[in-house]
1. Could you check how many percent of all C-alpha pairs in the range 90-148 are farther apart than 20 Å?
2. Using a Cα-Cα cut-off of under 23 Å, which lysines could be cross-linked to Lys31, ignoring same-chain neighbours fewer than 8 residues away?
3. Can you give the extra length, in nm with one decimal, that the chain gains between Thr143 and Leu34 once fully stretched, where that is 0.36 nm per residue apart less the Cα-Cα distance?
4. What list of ³J(HN,Hα) couplings, whole Hz, do you get for the range 167-182 from phi and the Karplus terms 6.51, -1.76, 1.60, once you set θ to phi - 60° and write x for glycine and proline?
5. Cut-off under 21 Å on the C-alpha distance; same-chain residues fewer than 8 positions from Lys131 excluded. Which lysines are left, in chain and number order?
Amino acid sequence: MDGSSKEALMEEAPPRYTASPRLPCIPHQLKCLLIVVVVVVILVVVIVAFLLLGLHITETHAETVLRMTIHGLDDEGTPQHLSMSKKERTGTFAVRDGLNASAMVVYDYSKLLVGYRSWHHRACYITRVDKDNIPGLDTITETFQRRQAEMKEAGDDAVPLADRSILGTTVNILCSTVPVYWA
């Protein structure tokens, strides 16, 4: 490169840049309307994102409850419906109590209690269970129904449980409107 080419470049003026061409003439009202529409769409997207995030957070903290129906051997007998709560460590069964009545049996594994509430009778019964030897549903149901019949024959001599703090949340809710007796 020789020096003359450098001088020639130095003498030329730099190119002039012009502003980019404007959009076609859009009325002011239409511009304002477009801005408002864009802002509203952005707000809706943000609100929907927060709602979905909140739903996801509450879903992860929701209690997991397992529900299943258990049939007897060879599908004999009436099916038993079971709901289990991992958080409270309870198992809840709906059982028959006579011809046209039902009852709820709650196994509370954290308190080692079993609660029984018949919808036909106005009482709840609870019993303690051994951690290593938890009785089956049929045995528990028979025990509570026998105790229920004894209470009916004896009259109102039994004293209901005064301190309900020993009961777990599920049993406490189940028996909240009726007296609780030891079986």
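1. 17
2. The qualifying lysines are none; the list is empty.
3. On the way: separation 109, 0.36 × 109 = 39.24 nm, distance 7.46 nm.
Between Thr143 and Leu34, full extension yields 31.8 nm more.
4. 3J(HN,Hα) across the range 167-182, in whole Hz: 7, x, 4, 5, 5, 4, 5, 4, 9, 5, 9, 10, x, 10, 10, 7.
5. In chain and number order, the partners are Lys86, Lys87, Lys111.
Every number here is computed from the coordinates shown, using simple stated rules; none is lab data. Source: prediction; values computed, not measured.
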